[in-house]
1. Counting each pair of different Cα atoms once, what's the Kirkwood radius of segment 117-193 in Å, rounded to one decimal?
2. So what's Rg/Rh here for segment 120-244, counting alpha carbon atoms and using the Kirkwood radius for Rh?
3. Across 5 Å bins from 0, what is the distribution of all Cα-Cα pair distances for segment 14-56, in whole percents?
4. Can you send over the carbon and sulfur percentage of the accessible area for the chain, probe radius 1.4 Å, protein chains only?
5. Could you rank the peptides 93-105, 18-30, 190-202 by their average count of other C-beta atoms within 10 Å per residue, with the highest value first?
6. Rounded to the nearest 500 deg cm²/dmol, what is the calculated helix-only ellipticity per residue at 222 nm for the chain, with -39500 (n - 2.57) per DSSP H run of length n ≥ 4?
7. Given a Förster distance of 30 Å, report the FRET efficiency between ARG137 and ALA45 from their Cβ-Cβ distance, rounded to the nearest 0.05.
8. Which distance in nm do the two modelled labels at ASP221 and GLU240 give, with both placed 7 Å along the Cα-to-Cβ direction?
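The values are calculated or read from the model by the stated rules, or taken from the named source; none is laboratory data. None of these values were measured; they are calculated from a predicted model. FYI the Cβ positions are ideal-geometry reconstructions off the backbone, even for glycines, and counts take in every protein chain you see. Areas reflect the complete protein model, heavy atoms only, side chains present, ligands, DNA and RNA absent. Shrake-Rupley method; radii C 1.70, N 1.55, O 1.52, S 1.80 Å.
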Amino acid sequence: MAYAKSEPFKLAVDVGCGSGQNTRPLAPYFEKIIGVDVSEAQIRAAQSLENPPNVEFRIGSAESVAVPDRSVDLITCAESVHWFDLDAFFREMDRVLKPNGCIAIYTYHKIRPWVEGDDVKNEQLKDVVTQVSIAIRPYSSPRSQHLHNKLADIHIPYDETTRDESFDIRYDTTVASYMDYIRSWSNYQVYLEKNPSGPDILKEVQERLMEILSLDCPAEDAKIHVRSSVVLLLGRKPREETGT
């Protein structure tokens, strides 16, 4: 999918942007980036953070993005495509993408703590995250199957597409931030709604992570390294033929 860039990229739209964690990194590469999400709370959270001046967040749906026809160079969608009406979503993306514009859909299900070179600890950390996943699995939406099967059933409706699983995400964070990540899982949110007086299942998870990593400090100060494999689907809208 090689393509020689003939002019600066003008506009990217991050659909299902949440609080903007995958929107802001686009800032150096486009004149403007718009993050769109149906959740007013998520958009408020995104707007409350420090954002580059060319990044804007709006309430809106993946099936109806308030930008002109053929105005977008890149559509991104991270960890959210499983919530969309796929036929309507792809029709809307085809409307807003420029000829030769691209769409990138990716998932990094699931991020977990990682200790470089320590297979024993990594297996223990994997077990902890797996156990909490199993505990809240009954509260998962059937749509989450798209994430569990690594987007195998998602097909971008262009001739020029590719699937890439060669990437991974690695970054440093804190135990407290990592626990916030787990709290953001939709099935955990449903679990809380269904069990408002139930036990705090994440308390034991946090304690176990701290124990495995030999961390003796507040979770807010406990530095950890996390990683996840990435599944990336890319597609390019066809270049229009020039009339004679």
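1. Numbers: mean 1/r = 0.0652 Å⁻¹.
Taking every pair of different Cα atoms in segment 117-193, averaging 1/r and inverting gives 15.3 Å.
2. 1.11
3. In order of increasing distance, the bins hold 6, 29, 37, 20, 7, 1 percent.
4. Working: 6720 of 13520 Å².
Whole-percent figure for carbon plus sulfur exposure: 50.
5. Working: 93-105: 19.9, 18-30: 18.2, 190-202: 11.5.
For the peptides 93-105, 18-30, 190-202, the packing ranking is 93-105, 18-30, 190-202.
6. Result for the chain: -8500 deg cm²/dmol, rounded to the nearest 500.
7. Numbers: r = 26 Å, r/R0 = 0.88.
Once rounded, the FRET efficiency stands at 0.70.
8. Rounded to a tenth, the inter-label distance reads 6.1 nm.
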